[in-house]
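Engineer: Have a look at this one before I ask anything.
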């Protein structure tokens, strides 16, 4: 076997194992809540069994040992010799975590980590205690068997063996297609075939266990004069093989050809970059279309416009992944967090199949972790506190996702204590974040925004979970970099609702092109609420700042040319046709004055050069339809740097 084939096999193993582990994460927690669900139990057993088999083939001893111990535990659970509880699940999850550690190391190209002796020791101790308890039960069962007499005659054994052979043959035939061998086997046991077809899987395993135990009893009876019968562990290879292939009986169907293929994500990125360049060329040709007098050329450009849009949409779909990739890690996090905080929390996941650009899926993990941890730590009360308030002792956190136009809405809702506006003001005043004058005029929405300020925390004491004043400001920064927004709604003693709004993709950005002092700039269209001419609205000055009266409110007003620090002679000079773009920043609207609004245009974000990289307020650059370069403004970062509060 060449190294190329070895690498290929290893890659397939890691991909398959990662998929199994992702599924096991949900199934383990599901089994803890529903321990009578044999379908989940068998699926977990098969998962660890499959990983162990692949690891054994590739020679990963630490992985084999860990999975083997976990497989033994679930085998005992399948045989109803033990029951699941929170302590046992903690041990199982530790083992599952270590399996993930090994796979992560192998995926990064590192050597297999050495065996976790402490974990293996814990697993061995637990299994030993189970076997000691099991031996006592077996001894009692042996006495019962002796009293009851032989359960089956030799002819019964023969019939039972024939039935089991027929059933195993039929299952193996379905899974492996060895028709010639299986046909002859089934003919020899046709009398028992109908009986084997009618029994359930559970009954079948009970019969198999009975046969194995009976054979073992016969073998042990030859040494009865020397010592009392000793029961040894019987390796049920047939039973294990059957468990792997256990499925509901379905009508025979012809296997369809594979309709999927694995593609390296780097190839998708390359294709997306090429489509981005095609979009820029399309924009350029569309802008030049009116300069042509030839109808055929105009028609060709129009057709190219349509095809490019369709191609862009198709490529975008190949990059989309269900947000379940992110949601799947939170049930385990909630379980561990609630146990450490002595709280009871139920996590509800909605809209897990909502698709999102794979890059956004990867970037969303950390912000959502902060938000959910805060909901559990800050929001949900202890069971005793909830019962005193007349609430159910188990708190609820709902994480949902839904698509709304070209955006996705993520909502984190809890039924906890809610945010206390007055307490938020007191905290902010102590830390010098706001002044007394500002505190007296702040709305509830503005108070909620305080939790995103650096160094702000509502926690009285620092813990491993929170209280250091870091996290929520990072969340807002990360969301802003994804061209998204975050809003908070909260009712004291009832709960809090956090809404994150994000574009479906980062690859191609819908923008609003504007002109400021003769230069073109692009603003993310997702944050634009409204556009109107400056001279159509009344203006005023409040607290030394310009405001504009719009729809019964007075949002602050800023001249973008001032913020972009142009020649001071231009600052404050107003053109006749200046326009105002209303921007949504958190829960507040802000007006920016520009010289001219050109219109909407889809652009491909290009990174800035070394001289402009890191400049506050700039997200990147793009090539516009007329062939010129336009800077893409990062309004949220610009607002934070200017401290518009």
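The values are calculated or read from the model by the stated rules, or taken from the named source; none is laboratory data. It should be emphasised that the depicted structure is a prediction, and the values quoted were computed from it without experimental measurement. Positions of Cβ are backbone-derived with ideal geometry, glycine not excepted, and every protein chain shown enters the neighbour counts.
Engineer: Restricting the first residue to the stretch 480-491 and requiring it to be over 10 Å from residue 506 (Cα atoms) and in the same structural domain as residue 420 (by TED's automatic domain parsing), which pairs with a second residue that is modelled with pLDDT of 85 or more and part of a loop (DSSP other than H, G, I, E, B) meet a Cβ separation below 8 Å and a spacing of at least six or different chains?
Structural biologist: Listed pairs, sorted by first residue: 488/419; 490/418; 490/419; 491/418.
Engineer: From the set of residues in the stretch 514-546 that are over 42 Å from the mean Cα position of the chain (by Cα) and assigned to a strand (DSSP E or B), which is farthest from residue 580 (Cα to Cα)? Don't jump to the end; show me each part of the working.
Structural biologist: Filtering the stretch 514-546 down to residues over 42 Å from the mean Cα position of the chain (by Cα) leaves 517-518, 533-546.
Still in the running and assigned to a strand (DSSP E or B): 533, 539-542, 545-546.
Details: 533: 6, 539: 12, 540: 15, 541: 17, 542: 18, 545: 16, 546: 13 Å.
Among those residues, the one meeting the criterion is 542.
Engineer: Quick one: which helices (runs of 4 or more DSSP H) sit completely within the stretch 292-344 and have at least 3 residues that are within 30 Å of residue 371 (Cα to Cα) and modelled with pLDDT of 90 or more? Give the steps one after another, and end with the answer.
Structural biologist: Details: elements: 295-318, 324-327, 330-340.
Passing ranges, in order: 330-340.
Engineer: Quick one: would you say residue 19 is assigned to a loop (DSSP other than H, G, I, E, B), free of Cβ contacts under 8 Å to residues at least 40 places away in the same chain and in the same structural domain as residue 99 (by TED's automatic domain parsing)? Before the answer, list the steps.
Structural biologist: Numbers: assigned to a loop (DSSP other than H, G, I, E, B): no; free of Cβ contacts under 8 Å to residues at least 40 places away in the same chain: yes; in the same structural domain as residue 99 (by TED's automatic domain parsing): yes.
Judged against the criteria, residue 19 is not a match.
Engineer: Taking the stretch 549-569 as the region of interest, how many residues are touching a strand residue (DSSP E or B) at 6+ places or on another chain (Cβ under 9 Å) and at pLDDT below 65?
Structural biologist: The qualifying residues number 1.
Engineer: How many of the residues making up the stretch 103-116 are touching a helix residue (DSSP H, G or I) at 6+ places or on another chain (Cβ under 8 Å) and in a helix (DSSP H, G or I)?
Structural biologist: Going residue by residue through the stretch 103-116, those that are touching a helix residue (DSSP H, G or I) at 6+ places or on another chain (Cβ under 8 Å) are 103, 106-107, 111-116.
Now restrict to residues that are in a helix (DSSP H, G or I): 103, 106-107.
The qualifying residues number 3.
Engineer: Take residue 502 and tell me if it is modelled with pLDDT of 90 or more, under 30 Å from residue 318 (Cα atoms), in contact with a helix residue (DSSP H, G or I) (Cβ under 9 Å, 6 or more places away or on another chain) and part of a strand (DSSP E or B). Walk me through how you get there before you give the answer.
Structural biologist: Numbers: modelled with pLDDT of 90 or more: no; under 30 Å from residue 318 (Cα atoms): yes; in contact with a helix residue (DSSP H, G or I) (Cβ under 9 Å, 6 or more places away or on another chain): yes; part of a strand (DSSP E or B): yes.
It is false that residue 502 is modelled with pLDDT of 90 or more, under 30 Å from residue 318 (Cα atoms), in contact with a helix residue (DSSP H, G or I) (Cβ under 9 Å, 6 or more places away or on another chain) and part of a strand (DSSP E or B).
Engineer: Limited to the stretch 390-411, what total is found for residues that are in contact with a strand residue (DSSP E or B) (Cβ under 7 Å, 6 or more places away or on another chain) and under 15 Å from residue 494 (Cβ atoms)?
Structural biologist: First, the residues of the stretch 390-411 that are in contact with a strand residue (DSSP E or B) (Cβ under 7 Å, 6 or more places away or on another chain): 394-402, 406-411.
From what is left, the residues that are under 15 Å from residue 494 (Cβ atoms) are 395-398.
Looking only at that region, the number is 4.
Engineer: Now for a separate question. Name every residue in the stretch 369-389 that is farther than 19 Å from residue 491 by Cα and assigned to a loop (DSSP other than H, G, I, E, B), in order of residue number.
Structural biologist: Those that are farther than 19 Å from residue 491 by Cα and assigned to a loop (DSSP other than H, G, I, E, B): none in the stretch 369-389.
Engineer: Considering only the stretch 22-31, state which residues are under 20 Å from residue 86 (Cα atoms) and touching a residue at least 60 places away in the same chain (Cβ under 8 Å).
Structural biologist: Listed by number, the residues that qualify are 24, 25, 26, 28, 29.
Engineer: Restricting attention to the stretch 409-434, which residues are in contact with a helix residue (DSSP H, G or I) (Cβ under 8 Å, 6 or more places away or on another chain) and either assigned to a helix (DSSP H, G or I) or farther than 25 Å from residue 343 by Cβ (or both)?
Structural biologist: Within the stretch 409-434, 421, 424, 425, 427, 428, 429, 433, 434 qualify.
Engineer: So for the stretch 346-364 (the condition being in contact (Cβ under 8 Å) with a residue 60 or more places away in the chain and either touching a helix residue (DSSP H, G or I) at 6+ places or on another chain (Cβ under 6 Å) or more than 28 Å from residue 484 (Cα to Cα) (or both)), does at least one residue qualify?
Structural biologist: Checked against the condition, which is being in contact (Cβ under 8 Å) with a residue 60 or more places away in the chain and either touching a helix residue (DSSP H, G or I) at 6+ places or on another chain (Cβ under 6 Å) or more than 28 Å from residue 484 (Cα to Cα) (or both), the stretch 346-364 yields at least one hit.
Engineer: What's the total number of residues in the stretch 51-102 that are without any contact (Cβ under 8 Å) to a residue 24 or more places away in the chain, part of a loop (DSSP other than H, G, I, E, B) and farther than 14 Å from residue 41 by Cβ?
Structural biologist: Of the residues in the stretch 51-102, 2 are without any contact (Cβ under 8 Å) to a residue 24 or more places away in the chain, part of a loop (DSSP other than H, G, I, E, B) and farther than 14 Å from residue 41 by Cβ.
Engineer: Of everything in the stretch 457-494 that's on the phi > 0 side of the Ramachandran plot and out of contact with any helix residue (DSSP H, G or I) (no Cβ under 7 Å at 6 or more places or on another chain), which residue is modelled with the highest pLDDT?
Structural biologist: In the first step, residues of the stretch 457-494 are kept if they are on the phi > 0 side of the Ramachandran plot; the result is 467, 469, 471, 483, 493.
Imposing the further condition that a residue be out of contact with any helix residue (DSSP H, G or I) (no Cβ under 7 Å at 6 or more places or on another chain) reduces the set to 467, 469, 493.
Details: 467: 46, 469: 44, 493: 92.
Going through the qualifying residues, I end up with 493.
Engineer: Out of (1) crowded, with 19+ Cβ neighbours inside 10 Å; (2) more than 18 Å from residue 329 (Cα to Cα), what's the single condition that is false for residue 28?
Structural biologist: (2)
Engineer: Being at pLDDT below 85, outside the structural domain of residue 481 (by TED's automatic domain parsing), in a loop (DSSP other than H, G, I, E, B) and surrounded by 15 or more Cβ atoms within 10 Å (Cβ to Cβ) is true for just one of 572, 609, 614, 625. Which residue is that? Explain how you work it out, then say what you get.
Structural biologist: On the way: 572 fails: surrounded by 15 or more Cβ atoms within 10 Å (Cβ to Cβ); 609 fails: surrounded by 15 or more Cβ atoms within 10 Å (Cβ to Cβ); 614 fails: surrounded by 15 or more Cβ atoms within 10 Å (Cβ to Cβ).
Every option except 625 fails the conditions.
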